[in-house]
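S.K.: Encoded as C-alpha cells, here's the structure I'll be asking about.
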Amino acid sequence: MLKVENLKVHYPIRGGFFNTIKDHVYAVDGVDIEIESGKTYGLIGESGSGKTTVGKVVLGLEKATDGQIIYKEEDVTEKAARKKLKYNRDVQMIFQDAMSSLNPKKRIIDIIAEPISNFENLSEEDTKKRVLELLNIVGMGEEAMYKYPFEFSGGQRQRIGIARAVVTRPDFILCDEPTSALDASTQAQVINLLKDLQEKFSLTYLFISHNLGVVEYIADRIAVMYRGNLVELGTTAQIMKNPQHVYTKRLLSSMPIIDP
C-alpha cells in the first residue's frame, strides 16, 4: 500500500552575520519502508531517532529533502498529487497527545464531524449518525457527543481521537505513539481497540513508538531507527527473538520484566 524510498529530511543550521547555512541536521537520512495492505508496520527508536519525522513526511506535514512516497503505486511526494488522489482523506493520523490534538472550544460531535465536512457532503442528520456510530464502536456513548475534551480522561480522549481518525473511512492510519501518555491498563484497551478497528475496517497502520512491548503485540513487521537511519528490519518474531544489531539488543534489554 505504501512505499517510502530513500527518504531524506535535512534541516539547515544557519549562522553568521549573513545567516548562511553552516551545516545540516540529518533527521532522516535514506530510509526505505514498504507497508503491505491490512498489516501493521512498527517503527521504533528512541526520541530523536527520526521516526516521527518519517511519519510527518508520509502525512505531508513535513517536506522531504529527497526521496519518494508511493501510495497505491502513485507518487504522492508532492502536494498536488496528494490532492488529486484524495490522499488526505484516505490517510489519517492518531496523535500522541490526545488533549492537545482536540480543540478545547469545540464539542466532541463537532470535532469528529469536522473531517466529514472537509471531505464528504453529508446532511446534518447523516453526519450525526456517523459520529454516533463511531463513538459507539470506540466504547463511548451518545452522552459524549455534546461534551468538551476537558470532561474526559486521557484514555477517553484517545478513543475520541481514534474515532476522528476513522470517521472518513480511511485506508491507512499513522499512529504516532498513541499509548505513550496512558497508564498500562488503558494502553492495553487502546491497543485492543486499534486491532479490532483494523479487522472491522481493513485498516493499514504505521505504528510509531519507543515501547517495544506495545509494538510486539500489535505489529506484523518492525523497523528499528537510529540517528535517522534504519538499522534493522524484520518480522516481529525475528526482531524480538533474534535481534542482529547492537542497538536493537540494547532496546530489548531496556524492556522491564515482571520478575527481575
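The values are calculated or read from the model by the stated rules, or taken from the named source; none is laboratory data. Remember, it's a predicted structure, so these values are computed and weren't measured experimentally. All Cβ positions, glycine included, derive from the backbone under ideal geometry; neighbour counts span all protein chains shown. SASA here: full protein model, heavy atoms, side chains in, ligands and nucleic acids out. Shrake-Rupley method; radii C 1.70, N 1.55, O 1.52, S 1.80 Å.
S.K.: Where does each of 241-248, 215-222, 120-127 land if you order them by average Cβ count within 10 Å, highest first? Before the final figure, lay out each step's value.
M.R.: On the way: 241-248: 14.5, 215-222: 20.0, 120-127: 11.1.
The packing order, highest mean first, is 215-222, 241-248, 120-127.
S.K.: While we're here: Which pairs in the list Lys86/Lys241; Lys8/Lys39; Lys22/Lys56 are over 32 Å apart, alpha-carbon to alpha-carbon?
M.R.: Working: Lys86/Lys241 40 Å; Lys8/Lys39 24 Å; Lys22/Lys56 25 Å.
Beyond 32 Å: Lys86/Lys241.
S.K.: Below 8 Å, C-alpha to C-alpha, sequence gap of six or more: please give me the relative contact order for the stretch 1-43 in percent.
M.R.: Numbers: 66 pairs, mean separation 20.2, N = 43.
Computed value for the stretch 1-43: 47 percent relative contact order.
S.K.: Arrange the peptides 16-25, 64-73, 154-163, 34-43 so that the one whose residues have, on average, the most other Cβ atoms within 10 Å appears first. Write down the numbers at each step before the final one.
M.R.: Working: 16-25: 9.3, 64-73: 16.6, 154-163: 22.6, 34-43: 18.9.
Highest to lowest by the protection proxy: 154-163, 34-43, 64-73, 16-25.
S.K.: Something else about it: Inverting the mean 1/r over all pairs of different Cα atoms, compute the Kirkwood radius of the stretch 89-229 and quote it in Å. Working shown, then result.
M.R.: On the way: mean 1/r = 0.0645 Å⁻¹.
In the stretch 89-229 this quantity evaluates to 15.5 Å.
S.K.: Here's something else I'd like to know. How large, in percent, is the carbon and sulfur part of the accessible surface of the chain at a probe radius of 1.4 Å? Could you put the intermediate results ahead of the total?
M.R.: Values: 6450 of 13650 Å².
Answer for the chain is 47 percent, counting heavy atoms of protein chains only.
S.K.: For the stretch 157-260, just the Cα atoms, rotate onto the principal axes and tell me the three extents in Å, largest first.
M.R.: That works out to 41, 30, 23 Å along the principal axes.
S.K.: So, one more: Quickly estimate the mean residue ellipticity at 222 nm for the chain, helices only: each DSSP H run with n ≥ 4 gives -39500 (n - 2.57), and the total goes over all residues, rounded to 500. Can you show the working numbers first?
M.R.: Details: 10 runs with 97 residues, N = 260.
Value at 222 nm, helices only: -11000 deg cm²/dmol.
S.K.: What shape does the stretch 103-183 have by the C-alpha gyration tensor, where a ≥ b ≥ c are the square roots of the eigenvalues, rounded means a/c under 1.5, and otherwise prolate means a/b greater than b/c and oblate the rest? Walk me through the intermediate numbers first.
M.R.: Values: a/c = 1.83, a/b = 1.27, b/c = 1.44.
Oblate, because a/c is 1.5 or more while a/b does not exceed b/c.
S.K.: Related question: Going by Cα centres, the stretch 41-58 and the stretch 2-28 are how many Å apart?
M.R.: Taking the Cα centre of each part, the stretch 41-58 and the stretch 2-28 sit 16 Å apart.
S.K.: Provide the three semi-axes, in whole Å and in decreasing order, of the ellipsoid equivalent to the stretch 1-144 as defined by the square roots of 5 times the Cα gyration tensor eigenvalues. Walk me through the numbers on the way to the answer.
M.R.: Values: eigenvalues 235, 75, 51 Å².
Equivalent ellipsoid semi-axes, largest first: 34, 19, 16 Å.
S.K.: Excluding ligands, DNA and RNA, what is the solvent-accessible area per residue of the stretch 1-93 at a probe of 1.4 Å, expressed in Å²? If you can, show how the numbers build up before the last one.
M.R.: Details: 5210 Å² over 93 residues.
That works out to 56 Å² for each residue.
S.K.: With contacts defined as alpha carbon pairs under 8 Å and 6 or more residues apart, what's the relative contact order of the chain in percent? Mind dumping the intermediate values first?
M.R.: Working: 456 pairs, mean separation 65.9, N = 260.
Computed value for the chain: 25 percent relative contact order.
S.K.: Which length gain, in nm to one decimal place, applies between Lys22 and Lys86 when the Cα-Cα distance is subtracted from 0.36 nm times their residue separation? Display every interim value, and only then the final one.
M.R.: Working: separation 64, 0.36 × 64 = 23.04 nm, distance 3.86 nm.
Extending this stretch completely gives an extra 19.2 nm.
S.K.: For the chain, evaluate the Debye formula with one uniform point scatterer on each Cα (no solvent term) and list log10 I(q)/I(0) at q = 0.07, 0.15 Å⁻¹, rounded to two decimals.
M.R.: Values returned for q = 0.07, 0.15 Å⁻¹ are -0.26, -1.12.
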